[in-house]
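Working notes, beginning with the structure itself.
The values are calculated or read from the model by the stated rules, or taken from the named source; none is laboratory data. Since the model is a prediction, treat every value here as computed from it, not as a measurement. Here the Cβ positions follow ideal geometry from the backbone for every residue, glycine too, while neighbour counts run over all protein chains shown. Just so you know, the surface numbers come from the protein's heavy atoms only, side chains and all, with ligands and any DNA or RNA stripped out. Shrake-Rupley method; radii C 1.70, N 1.55, O 1.52, S 1.80 Å.
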Amino acid sequence: MAEEQFKPAAMEVEGAEAAASKPRFRMPVDSDNKATEFWLFSFARPHMSAFHLSWFSFFCCFLSTFAAPPLLPLIRDTLGLTATDIGNAGIASVSGAVFARVAMGTACDLVGPRLASAAIILLTTPAVYCSAIIDSASSYLLVRFFTGFSLASFVSTQFWMSSMFSPPKVGLANGVAGGWGNLGGGAVQLLMTLVFEAIRKIGSTPFTAWRVAFFIPGLMQTCSAIAVLAFGQDMPDGNYRKLHKSGDMHKDSFGNVFRHAVTNYSGWILALTYGYCFGVELAVDNIIAQYFFDRFGVKLSTAGFIAASFGMANIVSRPGGGLLSDWLSSRFGMRGRLWGLWVVQTVGGVLCVVLGMVDYSFGASVVVMILFSFFVQAACGLTFGIVPFVSRRSLGLISGMTGGGGNVGAVLTQLIFFHGSKYRTETGIKYMGLMIIACTLPITLIYFPQWGGMFVGPRPGATAEDYYNREWTAEERERGYNTGSVRFAENSVREGGRSGSQSKHTVPVESSPANV
C-alpha cells in the first residue's frame, strides 16, 4: 500500500521538475514559444528585448551608412568631388551590402542572429571612424563602401523577429523593427547637420567640424553591438549554441540551407520587388537632400530637414505596412497579404512619377515626396509580412536574398538614373517611378499551394505541413529535425483565410509561469 502511494507522489515530483525546466515567459506564446502579442513599450525577455536590440542596432547602422549625404555640400567642396565621384560613392554605399546581406542570412541560419548581427556591426565600425580622415574621392568612396556593409544587419533584424513572434504578429514585428531601424536614414539628416553646427559654434572650422561629426554615429554603432552581445538571445528557448549542444535544435549544413533557398522561386520574386521599394528608399536617401538644395536653392539645414522627413516617415509607414499585412491576413489569408503588397507598391510608383513631374513647385514636391515615402516604405513592411512564410529551413537566406535584392535595386537605380549627368535628377525620379510599377508586377506569380496566390485559390488537399516538410528528407523527418517547421505550419492556420483566423495553438499568458 505504501509503495502504491509512493509511485504517484514520485510521478508528481518528476512532472513538477519537467515543468520547472521549461522556459517561462511574461508574454503569451504559441506552441513554438513565439509571442502571440506585441507589447511595443515592454522589454520582456526574450521577445521584446530582442525587438528593441534589433531595431536600435539597425538604426545605428543606417545612421552610419548615410551620415555623409547631409554634409555632402561641405565634403564636396573640401575634397573637390565631381558629380561622377558623388554618384560612384552613392552606389558604393549600398552595393557592398548586396553580398553581405546574403552572407548574413546564411550566418543567421547557421549561428543565430545575435552573433551574426554583432559581428557585422563591429567589423564595419572602423570604416565609420575613418570617415574623419578621408582626403580624396577614392578614400571617400572606400569608407562609404565598407560602412554600407553594416546594412546587412537588417537581415538579422528580420530573422530575429520571425524567430520570436508568431505568424499572426510577424508582419507587425518585422514592420516596426525594420521601420524604426530605417528611421536612421531620416534622423541622420538632422543629426549630422546639428552636430556639425554645434562643433562649429564651439570654435572649430568647417573643415574640421564635419570630420569630427562622424565620431557620433561611430560610437553609437559600437555601443549597439556590445548591447546585442550582452543582452540578446537568439530564440525564445535560448541561444543557438546551447540549443545545438542540447539537441533541441538541428544543426543544419550550409549546402541544405543554400539549396532550399535558391530553388524557391518566390524568394527571387520578393528579392526583385523589394529592390524597388527598399532599394528606391536607399536611392532617395542618397540624393534627396542635394536635390532640394540644388533645385530649389534652400539652405543646407532646410534641405536636411526635408530629407529627414522622408526617412522619418518610417516611424509609422513601414510598421503600418506590417500591420496592414497582418490585418489582411486575418480577413483574406495569404492572398490578402499578396494583394496588399501589389497595390501599395504600385501606388508608390505612381507617386514617384508625380514627384518627378512637379519639380516646378517646391511646396508640391515636398507634399508628394511625403506621400511617396509612406507608400514605398509601407511596401517594405508588407514584403516582410510574406517573407517568413516562404521557407522555414532557409528563412535566414531567403531574408538575405530579399534584403540583398533591395540593395541591388538601389545600385541599379543609382547607376541608371542618378550617376553622372545623363539625366536631370527630376527626370531620374520620374523614370524610377515607372521602374517601380513594372517590377511590382511579378508579385502576381507568387503561389502557395496551401493558400493560393493573387488570382488562383489553394490546391485541393494541400497543407502547410506538406509545404514545409518538402524541405526535409524522409530520414530527417523521422529523426524529428522538422519539428519547428511543423509547429510553424500549425500556427500559420489563419493564412488560409477567415476560417482559420483563430489559432488553437496559442498558450494563454496565465498558463505561462508553469507550463510555457
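Using the 2.2 N^0.38 Å rule of thumb for compact globular proteins, work out how segment 334-426 stacks up: its C-alpha Rg over that value, please.
The value comes to 1.30.
Lys/Arg Cβ at +1, Asp/Glu Cβ at -1, dipole of segment 257-462 taken about the Cα centre: which of F258, V411, Q345 is farthest positive-ward?
It is F258.
Which whole-number percent of Cα pairs in segment 126-171 have a distance greater than 14 Å?
60
Can you give me the C-alpha center-to-center distance between segment 325-396 and segment 53-70, rounded to a whole angstrom?
22
Pop out the carbon and sulfur fraction of the accessible area of segment 257-462 as a percent, whole number, probe 1.4 Å.
72
Can you give me the long-range amide H partners of G453? Hydrogens built in the peptide plane at 1.01 Å from N, cutoff under 5 Å, separation of 5 or more residues or another chain.
Answer set, sorted by chain and number: F448.
Mind checking which helices in the chain clear 18 Å along their axis (Cα) and have mean Kyte-Doolittle hydropathy of 1.6 or more, DSSP H runs only?
Span-like helices here: 215-231, 362-383.
For segment 261-310 and segment 72-143, what is the centre-to-centre distance using only Cα atoms, to the nearest Å?
Result: 16 Å between the Cα centres.
Heavy atoms only, probe 1.4 angstrom, no DNA, RNA or ligands counted: give me K299, K430 ranked by accessible area, highest first.
Of K299, K430, the descending order of accessible area is K299, K430.
Let me check the size of segment 257-462 from its C-alpha atoms; what are the radius of gyration and Dmax in Å?
Rg and Dmax of segment 257-462, Cα atoms, are 17.7, 63 Å.
Residues of the chain: accessible area per residue at 1.4 Å, in Å²?
Spelled out: the 1.4 Å probe surface of the chain, per residue, equals 39 Å².
Using packing as a proxy for protection, rank 177-187, 341-351, 58-68 so that the peptide with the highest average count of other Cβ atoms within 10 Å comes first.
Ranked by mean Cβ neighbours within 10 Å, highest first: 58-68, 177-187, 341-351.
Based on the Kirkwood radius over alpha-carbon pairs, what value in µm²/s does the Stokes-Einstein equation return for the translational diffusion coefficient of the chain at 37 °C and 0.692 mPa s?
Answer from the Stokes-Einstein relation: 140 µm²/s.
Excluding same-chain residues fewer than 8 positions from K299, which aspartates and glutamates have a Cα within less than 14 Å of its Cα?
Partners within reach: E197.
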